[in-house]
Amino acid sequence: MSALADFTGSQETRWCIGFLVAALVASAACRVRALTMSGGIAAALVGGTIVGTAGWWPGTVLVAFFITSSGLSRYSAARRPAGEQARGNRRDAVQVLANGGVPAFCALASAAADSPCPWLVALCASVAGAASDTWGTEVGRLSRSRPRLVTTWQTAPTGTSGAVSLPGTLGSVAGALLIGLVAGSGLVLGWNVPGIPGVGIIATVTLAGFAGSIVDSVLGATVQASYRCPDCDQLTERRVHRCGTATELAGGVRWMNNDTVNLLAVSISAGLGLAAGAVWP
């Protein structure tokens, strides 16, 4: 077994080092304005919990998602009009937990289960779902072509929830594939978990993650709340428009915001991963 596989230590050691590393990463993210203070605290708790209960391999999967998605979000934000930025680029605690809460739950479940394999696959699949959604959104916003609503196929303004484009879809696939490759490479490097085949986890995590992003788009186009500014007549996800005017519900369910949709989509990815992991010997 490789030296990387030996660098796990006792569970107590993993908890301590895991929270320390997660806190350092979260602190750095706050300094570069990728996270708010509440987002940094939530990220440290999520990362520490995953490493402490599930080990370094799932923690690496989470870090790969966070670094690449944060970098892509910053790159995209710098190249699009301010009016297209619905919520800003700094993730708060709610946004962090919407994407990271399910992986943390899967990590805790893997530690309590007789067979951790299905829950570890679910963990990676849920992270792939979050990555697929983020990559698809940010790459789609960089596209010059107008996206189309996934339900009616009508064109929509860039950044509209539930609207997709070819570049954005390819970005979704790439985001899910990245997490699948990181998960699979962990097995090659020696972070071995009995019962998980390398090629199988790459395919499963990628497909489950991409499926989650499709669910996200469908929910975004059908039930996610959208608001209209009565003064500017512009659609937004905010209850108060950037001009300072209170918006009015234009469609969807009022409590079904973007974070709720993300949580549901990530949960779907986790469920698909859990089902696939359960059928492996």
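Descriptive notes on the structure:
- Segment Tyr75-Thr13, length gained on full extension (0.36 nm per residue, minus Cα span): 18.7 nm
- The angle between the Cα long axis of helix 198-222 and the longest principal axis of the Cα atoms of the chain comes to about 20 degrees, rounded to the nearest 10.
- Of Thr13, Ser185, Ala250, farthest towards positive along the dipole that unit charges on Lys, Arg, Asp, Glu beta carbons give the stretch 3-279: Ala250
- Along the axis of the charge dipole computed for the chain (Cβ charges of +1 for Lys and Arg, -1 for Asp and Glu, origin at the Cα centre), the listed residues Ser226, Val63, Ala109 are led at the positive end by Ser226.
- In this rough spin-label picture, where each label sits 7 Å from Cα along the Cβ direction, the Arg33-Val253 distance is 3.6 nm.
- Listed by Cβ neighbour count within 10 Å, with the fewest neighbours leading, Ser69, Ser38, Ser145 appear as Ser145, Ser38, Ser69.
- Surrounding net charge for Asn262, when Lys and Arg each add one and Asp and Glu each subtract one, Cβ distance under 9 Å: -3
- Rounded to the nearest 20 debye, dipole of the chain from Cβ charges on Lys, Arg, Asp, Glu: 860
- Shown for Phe210, Phe105, Phe65: other C-beta atoms within 10 Å of each C-beta, ranked fewest to most, produce the order Phe105, Phe210, Phe65.
- Fewest-first sequence of Cys106, Cys232, Cys243 by Cβ atoms within 10 Å of each Cβ: Cys243, Cys232, Cys106
- Based on DSSP H segments of at least four residues, each scored -39500 (n - 2.57), the chain has a per-residue ellipticity at 222 nm of -22500 deg cm²/dmol.
- Tilt relative to the chain, helix 11-31 - C-alpha long axis, 0 to 90 degrees, to 10: 30
Taken together, the values in this text are just the output of simple stated rules run on the coordinates, not laboratory data. Model, not experiment: these values are computed from the prediction. No Cβ is skipped: glycine too gets one built from the backbone with ideal geometry, and neighbour counts run over all protein chains shown.
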